[in-house]
Amino acid sequence: MTTLHSCAKMISQLHRLIPITCSGQRGFKRWVAPVKKVMAVRQKKMGPQPVPIRNTFLEWNFDAEIFAFNKRLSEQFDSELLVQALTHRSYVIQEEQKQRDVGITEPKLDIEDNREMIEEGAELTSRIVVSYLGKCLPLAPEECIFALHDHLLSQKTLAHVSSHIGTKDIILVAGNIADEGILADTFLALVSALTRSVDVIHAGAFVRDFLIATLAEKDLIEIWTPSNPLENLNEILRKDNRQLAEPRLISQTGINSLIPVYRVAVYSNKEFLGVGCGETIDVAKEVAATDALLRIFNLNNYQNLKYDLKVDISKDNMENLPLTKWCTENVQKVLQLKT
Amino acid sequence: MNKIITSVVENIRTFTDVTTVFFIGGALSHRDTAYPVIGMSTNKSLFLKAAFPRAPLNNGIGRYVCQLQRVTLKFCKNNGSSRGMRDFLENDLLNFANENPGVVVYVKPRRHKTPVIVAEYLNGDRFWHSCRNYSREELLKWMEHIRTQAGDMTNVRLRKMWHTSFPSIQGPWTPWTFKNPEHIFAQYPNKEFGQAVQYKPTATEELKRLFKEQQEAKAVQNLTSS
């Protein structure tokens with residue numbers, strides 16, 4: 001009786017369940033391939049189609065987009081300055097032309113373009129990047145800082161950052177399509193607008209979070225490696241009054257094969273400096289010297305690049321030494337002066 | 001028995017309630033059918049674009065930015081298939097917009113058409129989803145899903161559930177990785193290094209030996225006592 005009772009209870013609950021069904025399909029859809037082929041032929045015949053431009057859609061509210069842009073980045077842009085930073089010169093010219101076409105001989109518009117902001121932003125961004133990197137990597141030579149700076153301020157990197165923070169659709173530009181150059185310029189203009197809205201330190205945090213943080217995905221060695229590493233290493237050791245670098249073959253394998261490997265380490269007075277592998281001894285020597293230099297410059301570990309520092313470009317100057325002047329004593333002097 | 005059955009039923013019910021399956025990086029959804037299809041295997045995934053879960057623009061290293069930049073909710077004002085969407089708009093949309101000020105929400109009524117969600121992401125992806133006959137609760141879950149994913153990941157096969165730019169922490173393997181330093185200075189041919197590897201007895205073998213010894217000792221004890 002109890003089992004019957006439990007069964008009844010279960011059935012009463014079962015009807016609430018929806019059965020898991022698995023419906024297979026039978027037969028081949030023989031029309032699919034021919035239709036797709038015809039469609040592909042027609043598409044090819046039509047040629048490349050214009051990309052739909054988002055800000056010409058019916059569902060588009062520029063003010064809402066500007067508001068959301070500010071909130072999304074948790075930033076404090078002044079909305080007028082933000083609109084100005086997003087207004088490209090070509091847009092103003094286009095608007096003036098529109099008025100002329102209607103018959104107004106002297107068109108008057110109260111929109112300002114971002115030419116000034118781009119210039120100001122370029123200078124600010126450049127200074128922020130240099131002083132931030134100088135603060136992060138005090139042991140790195142000047143050349144390295146400038147190479148990283150050039151990489152970060154290249155049009156490609158700036159455009160990538162700019163489009164990924166959502167400027168692509170809201171830039172005001174003639175023809176509504178922003179190319180790489182315009183995207184990059186807009187990012188610089190945004191830095192300027194943020195400086196005007198809040199201050200430089202705040203703009204520094206913006207540059208750090210969106211631009212400098214892209215270095216986290218990069219291998220710094222790909223962006224900069226010292227040229228003539230063995231000579232440079234010897235130069236530094238000489239200035240430090242240490243014995244010159246002594247490359248030693250520490251192991252080798254497959255010498256008689258097509259892919260031999262040599263492992264060379266550099267020592268100074270039996271003190272290990274760096275190690276590297278290569279298919280010839282000369283290559284391995286160069287790699288080992290590069291490794292030694294990177295260890296000296298504290299660039300061998302990507303964790304040395306921090307993304308939570310604050311910079312004030314009026315106080316924090318980049319004082320990294322060029323390779324020609326680099327020696328431990330000079331670096332220590334500079335670091336002591338800083339503190 | 002009764003208890004076990006009811007608990008199983010409960011479990012099935014909670015399982016069927018879960019309509020959306022999230023992975024790390026807010027990636028995949030499982031909601032073409034409301035209930036997970038069991039025991040079906042296809043090689044469809046081979047034709048999908050292969051990708052790794054990536055954070056666009058180092059999201060989270062500097063600061064977190066919600067990747068959903070705008071969402072358009074299209075619906076019909078009197079068609080039955082839009083009923084859930086209308087309920088959602090009346091009850092939950094304002095909350096959604098308040099909680100996510102960085103997302104621009106557009107609502108677009110259109111006559112006699114299926115309700116649709118179109119989400120646009122910062123990386124340029126556009127995620128289109130038909131919400132025909134969805135309930136308000138289902139829509140809530142879908143809105144949460146599109147809010148938390150980083151881009152349209154529907155037509156993507158994840159090659160791994162993680163990604164790293166630094167695949168090896170200890171450096172690439174070389175023929176000398178984990179090599180005994182003693183071997184460097186050894187003179188070859190060397191008797192010690194050249195001999196066959198002598199394995200010590202495994203833990204199982206050791207246990208077996210101990211057990212055997214114990215049994216034998218017991219047997220001896222029994223014999224002496226009797």
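The values are calculated or read from the model by the stated rules, or taken from the named source; none is laboratory data. These figures come from a predicted structure and were not determined experimentally. Here Cβ is always computed from backbone atoms with ideal geometry, including for glycine, and neighbour counts include all displayed protein chains. Quick note on the areas: whole protein, heavy atoms, side chains included, nothing else; ligands and nucleic acids left out. Shrake-Rupley method; radii C 1.70, N 1.55, O 1.52, S 1.80 Å.
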Exercise for the section: Say whether the condition of being in contact with a Leu (Cβ under 8 Å, 6 or more places away or on another chain) and assigned to a loop (DSSP other than H, G, I, E, B) is met by at least one residue in the range A:246-258. Expected result: no
Completion exercise
Checked the range A:64-106 for anything assigned to a helix (DSSP H, G or I), among the small types (Gly, Ala, Ser) and out of contact with any Gly (no Cβ under 7 Å at 6 or more places or on another chain); matches are A:64, A:79, A:85, A:90
Practice task
Name the single residue, out of those in the range A:183-213 being in a loop (DSSP other than H, G, I, E, B) and open to solvent by 10 Å² or more (accessible area, probe 1.4 Å), that is farthest from the other protein chains (Cβ to nearest Cβ).
Solution key: A:199
Exercise for the section: Report the residue count in the range A:274-298 for those that are open to solvent by 20 Å² or more (accessible area, probe 1.4 Å) and of a type outside the set (Lys, Arg). Expected result: 13
Problem - Failed item, numbered, when residue B:60 is tested on (1) in a loop (DSSP other than H, G, I, E, B); (2) modelled with pLDDT of 95 or more; (3) over 23 Å from residue B:155 (Cβ atoms) - result: (2)
Exercise for the section: For the range A:150-182, enumerate the residues that are within 12 Å of chain B (Cβ to nearest Cβ), open to solvent by 10 Å² or more (accessible area, probe 1.4 Å) and not small (Gly, Ala, Ser). Expected result: A:157, A:160, A:164, A:168, A:169
Practice task
Considering only residues that are surrounded by 10 or more Cβ atoms within 10 Å (Cβ to Cβ), part of a loop (DSSP other than H, G, I, E, B) and away from every other protein chain (no Cβ under 12 Å), look in the range B:163-197 and name the one that is farthest from the chain's Cα centre (by Cα).
Solution key: B:190
Handout entry: Breaking point among (1) exposed (fewer than 13 other Cβ atoms within 10 Å of the Cβ); (2) in contact (Cβ under 8 Å) with a residue 60 or more places away in the chain; (3) within 14 Å of chain B (Cβ to nearest Cβ); (4) not β-branched (Val, Ile, Thr), for residue A:307
Key = (1)
Completion exercise
Expected output for the range A:167-193 (first residue more than 14 Å from residue A:154 (Cα to Cα), partner aliphatic (A, V, I, L, M) and surrounded by fewer than 19 Cβ atoms within 10 Å (Cβ to Cβ), Cβ below 6 Å, 6+ apart or cross-chain) is A:176/A:53
Exercise for the section: Could you please find all residues in the range A:214-245 being in a loop (DSSP other than H, G, I, E, B), open to solvent by 20 Å² or more (accessible area, probe 1.4 Å) and under 28 Å from residue A:132 (Cα atoms)? Expected result: A:218, A:219, A:224, A:225, A:227, A:228, A:240
Handout entry: In the range B:85-107, residue nearest to residue B:122 (Cα to Cα) [restricted to those that are touching a residue at least 24 places away in the same chain (Cβ under 8 Å) and assigned to a helix (DSSP H, G or I)]
Key = B:96
Problem - Odd one out for residue A:36 among (1) farther than 18 Å from residue A:121 by Cβ; (2) in a loop (DSSP other than H, G, I, E, B) - result: (2)
Practice task
Could you tell me whether the range A:266-273 includes any residue that is within 14 Å of chain B (Cβ to nearest Cβ), free of Cβ contacts under 8 Å to residues at least 40 places away in the same chain and open to solvent by less than 80 Å² (accessible area, probe 1.4 Å)?
Solution key: no
Problem - residue B:160 closer than 30 Å to residue A:221 by Cβ and either touching a residue at least 24 places away in the same chain (Cβ under 8 Å) or more than 13 Å from chain A (Cβ to nearest Cβ) (or both) - result: yes
Handout entry: Among residues of the range A:172-198, those that are of a type in the set (A, V, I, L, M, F, W, C) and closer than 19 Å to residue A:211 by Cα, counted
Key = 11
